[in-house]
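The structure appears right after this line, and notes come after that.
The values are calculated or read from the model by the stated rules, or taken from the named source; none is laboratory data. Remember, predicted model here, so these are calculated numbers, not experimental data. Glycine also receives a Cβ, built like all others from the backbone with ideal geometry; neighbour counts cover every protein chain displayed. To get the accessible areas, we keep the full protein, side chains included, count just its heavy atoms, and leave off ligands, DNA and RNA. Shrake-Rupley method; radii C 1.70, N 1.55, O 1.52, S 1.80 Å.
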Amino acid sequence: MGIPILLVSVVLLLNSHVGLCGCYKRIFSFGDSIIDTGNFAYTTGKNPTPVKESPYGMTYFKRSTGRVCDGRVLVDFYAQALGLPLLPPSIPEEGTGQFPTGANFAYLGATALAPAYYKAKFNFDMGGSSHLDLQLDSLKKVLARIAPGDNATKSLLAESLIIMGEIGGNDYNFGLLARNRPRDTPFQYMPDVIGRIGTAVQDVINLGAKTVLVPGNFPIGCVPAYLSAFQSNNTADYDRNGCLVWYNDFSQKHNQLLTKEVQRLSSQNPGVKIIFADYFGGAMQFVQNPKKYGIDDPLVSCCGGDGRYHTGKGCDKNSKVWGNPGSFASWDGIHMTEKAYSVIADGVLNGPFADPALLRTC
Ligand SMILES: *[C@@H]1O[C@H](CO)[C@@H](O)[C@H](O)[C@H]1NC(C)=O
Ligand SMILES: *[C@@H]1O[C@H](CO)[C@@H](O)[C@H](O)[C@H]1NC(C)=O
């Protein structure tokens, strides 16, 4: 029992040190299961769902928290480095909370574009029960209560950090992982995904935000769920790290368009810092040099089943945990481990995967 208490005080000491910059009073974040810190789990009520059970949360928290991870996710690392407590999920306190240090609106399965868009344009039925429109509406509802009036809202958001994503990953997952659809279709809606993220950024700026972090997509061609779904006997389909070339190129295309959108928004909003966070580059660090981070095989999941990528089964309380999550990059075949997120977050906080590095925006 002594060891966790000791660890907690070390973390607090580290935080108070880094937190001296004290640059943001609050963080408001938007996204999907990559950073959901409990919204989805809360809305399942008493119904069982794997993320509410072991082994989720086995690292750091030592209990499930609704995070789709063994431990902390990207926004947790940002909050701690900025000297703030871990962000509460927004939904449990949407109608009552004062959110003195911010709130996380991210929700498992969320898409950038609304399901109605996909139904109308492609006749897809998107599973997502959350999307950017809903998350921004929820922010506005909270702001109208905790900082009523345009001026109060503006000054509250001016001293906040906004994290817009990662979002859009599910728009592509739903399109790419459904095998009965041509894989080029998601290229057709990519410009609209980018446009929707851009509109969301402009929306929070219009409300008063002065600093917005806009994360890009991950190298999905290195993600076990993709690697197992699109296994190929053609060596030309793989790069030298064993990742699927076509799918990584797809992510890079999204990231190039998003970078351009960030540049466009920056020139239209002088005095506002809009920072692209390169999650692709951050993740490629441990794909290319896994040993440097204590990771054995960056392409297999820690919790799952059998098969080349351990994806024979999803991660739940009956799954196999293949070893210490700290030596894996993928947690459950789609989402990453705390270890992987810590590496990516470090590159955003200290550079070079955000320009300016997040800690230098203080
Ligand atoms: C809002 O701020 C502006 C500019 O500082 C000021 O002129 C205006 O009176 C304020 N409005 C309210 C309702 O406080
Ligand atoms: C790869 O080749 C083997 C042997 O010819 C075959 O059984 C298997 O189905 C092939 N796999 C794919 C993904 O094409």
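Some observations on this one:
- Checklist (1) within 16 Å of ligand 2 (Cβ to nearest atom); (2) out of contact with any Gly (no Cβ under 8 Å at 6 or more places or on another chain); (3) of a type in the set (Val, Ile, Thr) applied to Val245, failing item: (2)
- Of all residues making up the range 137-151, the number that are outside any helix (DSSP H, G or I) and either surrounded by 13 or more Cβ atoms within 10 Å (Cβ to Cβ) or within 16 Å of ligand 2 (Cβ to nearest atom) (or both): 1
- Unique residue being over 30 Å from Lys52 (Cβ atoms) and in contact with a Leu (Cβ under 9 Å, 6 or more places away or on another chain) when the list is Ala357, Ala329, Ala277: Ala357
- Scanning the range 50-63 turns up no residue that is closer than 27 Å to Ile197 by Cβ, in a loop (DSSP other than H, G, I, E, B) and open to solvent by 10 Å² or more (accessible area, probe 1.4 Å).
- Tyr118 vs. criteria farther than 30 Å from Phe353 by Cα and buried (at least 20 other Cβ atoms within 10 Å of the Cβ): yes
- The condition of being assigned to a helix (DSSP H, G or I), in contact with a Phe, Trp or Tyr (Cβ under 9 Å, 6 or more places away or on another chain) and crowded, with 16+ Cβ neighbours inside 10 Å does not hold for Val214.
- Annotation note: Cβ proximity below 7 Å between a residue of the range 124-153 that is within 16 Å of ligand 1 (Cβ to nearest atom) and a residue that is open to solvent by less than 40 Å² (accessible area, probe 1.4 Å) and among the small types (Gly, Ala, Ser) (sequence gap 6+ or interchain) occurs for Thr153/Ala147; Thr153/Gly208.
- Residues in the range 197-211 that are within 16 Å of ligand 1 (Cβ to nearest atom) and outside any helix (DSSP H, G or I) were compared, and the one that is least open to solvent (accessible area, probe 1.4 Å) is Gly208.
- Residue-level check: of (1) buried (at least 22 other Cβ atoms within 10 Å of the Cβ); (2) within 20 Å of the chain's Cα centre (by Cα), Leu244 misses just (2).
- In summary, Arg183 fulfils each of the numbered conditions (1) open to solvent by 10 Å² or more (accessible area, probe 1.4 Å); (2) away from ligand 2 (no atom under 16 Å from the Cβ); (3) not in a helix (DSSP H, G or I) with the single exception of condition (2).
- Filter result for Gly271 (open to solvent by 40 Å² or more (accessible area, probe 1.4 Å) and modelled with pLDDT of 95 or more): yes
- Residues (surrounded by 22 or more Cβ atoms within 10 Å (Cβ to Cβ) and either assigned to a helix (DSSP H, G or I) or out of contact with any Ser or Thr (no Cβ under 9 Å at 6 or more places or on another chain) (or both)) located in the range 20-32: Phe30, Gly31
- Counting only residues that are of a type in the set (S, T, N, Q) and in contact (Cβ under 8 Å) with a residue 60 or more places away in the chain, the range 269-290 holds 2 of them.
- The set of residues in the range 152-180 that are over 21 Å from Ala277 (Cβ atoms), aliphatic (A, V, I, L, M) and not in a helix (DSSP H, G or I) comprises Leu177, Ala178.
- Of all the criteria given as (1) open to solvent by 20 Å² or more (accessible area, probe 1.4 Å); (2) at pLDDT 95 or above; (3) over 25 Å from Leu349 (Cα atoms), the one not satisfied by Ser155 is (3).
- Scan of the range 336-361 for residues that are more than 25 Å from Tyr24 (Cβ to Cβ) and open to solvent by less than 20 Å² (accessible area, probe 1.4 Å), ordered by number: Thr337
- Of the residues in the range 71-82, at least one is without any contact (Cβ under 8 Å) to a residue 60 or more places away in the chain, in contact with a strand residue (DSSP E or B) (Cβ under 9 Å, 6 or more places away or on another chain), in a helix (DSSP H, G or I) and of a type in the set (Gly, Ala, Ser).
- Verdict on Leu227 being within 16 Å of ligand 2 (Cβ to nearest atom) and open to solvent by less than 40 Å² (accessible area, probe 1.4 Å): yes
- The range 316-335, residues that are open to solvent by less than 10 Å² (accessible area, probe 1.4 Å) and touching an Asp or Glu at 6+ places or on another chain (Cβ under 8 Å): Pro325, Trp331
- Checked against (1) open to solvent by 10 Å² or more (accessible area, probe 1.4 Å); (2) among the aromatic types (Phe, Trp, Tyr); (3) within 22 Å of Arg181 (Cβ to Cβ), Tyr107 passes all but a single condition, namely (3).
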